[in-house]
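A short worksheet on the structure shown next.
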Amino acid sequence: MVIKIFKGFIGRVISNIFKNKKKIKLGFYGPPNAGKTSLANRICKDFTGEEIGSVSKVPHETRNVQFKEIEISYKGKTMIFKMVDTPGIATKIDYEEFLKYKLKKKDAKKRAKEATQGVIESIKWLDDMDIVVVVLDSTENPYNQVNITIIGNLVARKIPVLIVANKIDLKKADIKKIEAAFPEYDVVGISARYGHNLEEFYESIFKLSKKI
């Protein structure tokens, strides 16, 4: 009888813990080759041992929205995140861009068509996001039409945003430029490739999740 009561008590405690968890849809947006999938893969591997998608030097390797639900524990806090990795946003996708990477014309045109459809799908998914991580290449100039378009769409939807300045392991990295371009948002410098500064990234994500 005592054992049954104890088991019942433990069951209620566990049930309450899980009941209070939030399931947050966390989207990764940004221009092509900024490191969205690399970051999503890093997080998924840290907590599940599995990756969410493939990475390539060729632009628009991710051409479909990809999902993975994971439980993230950080400093005694646990939340369930639905990771949503999206294709790189671009204002124009030309098949000739892929010819530089030795793709055949037919394959290049197919890739451009899929990438264009992926961008449209990504924008549609914004309405379903709770938090968006905008991943930017810290070696590139942040003042461009693509980044402004992404941020503008997020502002219009009033979605909590964290800007990640990726590739801080490279010599040309300049986080201050990104901070100056988007002063209204928190900017976290990381290296998704090597896992540098992910502690601050997780801290910022949990901080943003409190606003939901």
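Quick notes on this structure:
- Where helices (runs of 4 or more DSSP H) fall wholly inside the range 76-188, the ranges with 3 or more residues that are at pLDDT 80 or above are 145-157, 175-181.
- From Gly189, Gly195, residue being out of contact with any strand residue (DSSP E or B) (no Cβ under 6 Å at 6 or more places or on another chain) and within 16 Å of Leu136 (Cα to Cα): Gly195
- The range 189-204 - residue that is of a type in the set (A, V, I, L, M, F, W, C) and part of a loop (DSSP other than H, G, I, E, B) and, of those, modelled with the highest pLDDT: Ile190
- Scan of the range 63-75 for residues that are of a type in the set (S, T, N, Q), at pLDDT 65 or above and either under 15 Å from the mean Cα position of the chain (by Cα) or closer than 21 Å to Ile148 by Cα (or both), ordered by number: Gln66
The values are calculated or read from the model by the stated rules, or taken from the named source; none is laboratory data. Since the structure is predicted, the reported quantities are computational estimates derived from the model, not experimental observations. No Cβ is skipped: glycine too gets one built from the backbone with ideal geometry, and neighbour counts run over all protein chains shown.
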